[in-house]
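Single-structure report; data block below.
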Amino acid sequence: FRLVSTGDSSLQWILGAYYLGADRDQVSGLFYEDIIAYFGFPGAPGLFEHSVSSQKTTSASIFGELTFALTDQLSITAGGRYLREEKNLDYNHQITQALGFGLFAPLQTFDLKNKYSDFLPKLSASYELDNGLVYATVSKGLKGGGFNTEFLADPGVNDPNELFGYAPEEIWNYE
């Protein structure tokens, strides 16, 4: 939701809040018989790899911005957003013999959670010309982290969060 000032005052403002709740379910499978046969070797009938994952994202933020007109042409703006995000992953992976010959890899099950929060400031100045606008802005942006759920295996990594998770990306923007 968003509230915006009205009128011709030299001080204009915006206040708001944002919420996102998203669920993503994924099933992936890979039949090794087809891959082995592609390279000219006899296949392993029924051998496949399969994973099931469920990700839940909850993101909430509050934001505000003030713009003050110093003159009819020159204004300055200061604003910011506070963001809090949580991502949960339930992951289940196995390699199995579909024909039932008893060749089962151990079931891998993970329940992971990542939380992060950040303040994202913005500062700008603008000057209106007769036929254009000159401005300068400095702001911080963020792209949330998450989980990669495709078939991953690294025997040297013991922490499943390190194996599946990726961190948020931050950037400072200068215009």
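The values are calculated or read from the model by the stated rules, or taken from the named source; none is laboratory data. All values reported here derive from a predicted model rather than from experimental measurement. So basically every Cβ, Gly included, is an ideal-geometry build from the backbone, and we count neighbours across all protein chains shown. We work out accessible area using only protein heavy atoms, side chains counted, and drop any ligands, DNA or RNA first. Shrake-Rupley method; radii C 1.70, N 1.55, O 1.52, S 1.80 Å.
Extension gain for Leu133-Ser9 works out to 42.6 nm (0.36 nm per residue, less the C-alpha to C-alpha distance).
Rounded to the nearest Hz, the phi-derived 3J(HN,Hα) couplings of the range 140-146 under the Karplus curve 6.51 cos²θ - 1.76 cosθ + 1.60 (θ = phi - 60°) are 10, x, 8, 10, x, x, x, where x marks glycine and proline. For Arg81, the solvent-accessible surface with a 1.4 Å probe is about 80 Å², rounded to the nearest 10.
Of the residues Ile62, Ile76, Ile14, ranked by 1.4 Å probe accessible area with the largest first, the sequence reads Ile62, Ile76, Ile14. For the pair Asn92 and Ser28 in one chain, pulling the backbone fully straight at 0.36 nm per residue adds 22.0 nm over the alpha carbon distance. Suppose R0 equals 25 Å. What FRET efficiency, 1/(1 + (r/R0)^6) with r the Cβ-Cβ distance, do Ala167 and Ser54 give to the nearest 0.05? That pair, Ala167 with Ser54, gives E of 0.75.
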